[in-house]
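Please read the structure below before turning to the comments.
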Amino acid sequence: MKKIILLVMIALVPFSCFSQEGTKKNKESNEMKPSKNEEGEWDLTVIDTQFDYFLSAVAKPISHYTESYLKTKNTFLVNEWNSYYNSGRYRNVIESGIDYDPKENYGIKFEYKLYQVFVYVNWKYQLKMNGLSGSDAIR
């Protein structure tokens, strides 16, 4: 009886080493997607603990920008970001693509926060992005 159990366990070891299919599916759909909060406003969640500090202490205030300026910059920067993500460049920094529709009216708060994500990545990781304005790129 012990030999049969041992043989079954040895036979099952290779199956336990196979990767799971669920992981691939999660990796393929790894995108940051804007979502609406309880008030119906578009929101973006950033999981880096230093981002809130950056917004309050380093980033320029929201009044410094217009919504149209931010939308134009974000359209270019999202394309650049997704290009880096799809090509595999900067894998240690860019872990997901961004689902952004420039035709959607996200509002200035969302546009500001998204733009500051790009400025933050430049500030923290020194990732140079061509779409950043000169004053934000050197902060």
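The values are calculated or read from the model by the stated rules, or taken from the named source; none is laboratory data. The structure displayed is predicted, hence computed values, not measured ones. Every residue, glycine as well, gets a Cβ built from its backbone with ideal geometry; the counts of neighbours run over all protein chains shown. For the accessible areas, the whole protein counts, side chains as well, though only heavy atoms, and no ligand, DNA or RNA atoms are used. Shrake-Rupley method; radii C 1.70, N 1.55, O 1.52, S 1.80 Å.
Of all residues in segment 92-125, those satisfying the criterion of being within 13 Å of Trp81 (Cα to Cα) and either β-branched (Val, Ile, Thr) or in contact with a Ser or Thr (Cβ under 6 Å, 6 or more places away or on another chain) (or both) are Val93, Ile94, Ile98, Val117, Val119, Val121.
Of the residues Asn105, Asn74, only one is over 20 Å from Val46 (Cβ atoms) and either touching a helix residue (DSSP H, G or I) at 6+ places or on another chain (Cβ under 7 Å) or not hydrophobic (A, V, I, L, M, F, W, C) (or both); which?
Values: Asn74 fails: over 20 Å from Val46 (Cβ atoms).
Going through Asn105, Asn74 in turn, just one is over 20 Å from Val46 (Cβ atoms) and either touching a helix residue (DSSP H, G or I) at 6+ places or on another chain (Cβ under 7 Å) or not hydrophobic (A, V, I, L, M, F, W, C) (or both): Asn105.
If I filter segment 85-121 down to residues being crowded, with 17+ Cβ neighbours inside 10 Å and without any contact (Cβ under 8 Å) to a residue 40 or more places away in the chain, which single residue comes out as nearest to Glu67 (Cα to Cα)? For segment 85-121, the residue satisfying everything is Val121. Pairs linking a residue in segment 42-70 that is under 17 Å from Tyr106 (Cα atoms) and among the hydroxyl-bearing types (Ser, Thr, Tyr) to a residue that is open to solvent by less than 40 Å² (accessible area, probe 1.4 Å) and not in a loop (DSSP other than H, G, I, E, B), with Cβ atoms under 7 Å and 6 or more positions apart or on different chains, are Tyr65/Tyr112.
When segment 36-46 is filtered for residues that are surrounded by 11 or more Cβ atoms within 10 Å (Cβ to Cβ) and either among the hydroxyl-bearing types (Ser, Thr, Tyr) or outside any loop (DSSP other than H, G, I, E, B) (or both), the ones remaining, listed by number, are Lys36, Trp42, Asp43.
Yes/no matrix, rows are residues, columns are (1) of a type in the set (Phe, Trp, Tyr); (2) at pLDDT 95 or above; (3) open to solvent by 100 Å² or more (accessible area, probe 1.4 Å):
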{"position": "Thr23", "(1), (2), (3)": "no, no, no"}
{"position": "Glu31", "(1), (2), (3)": "no, no, no"}
{"position": "Asp48", "(1), (2), (3)": "no, no, no"}
{"position": "Ala57", "(1), (2), (3)": "no, no, no"}
{"position": "Ser63", "(1), (2), (3)": "no, yes, yes"}
{"position": "Phe76", "(1), (2), (3)": "yes, yes, yes"}
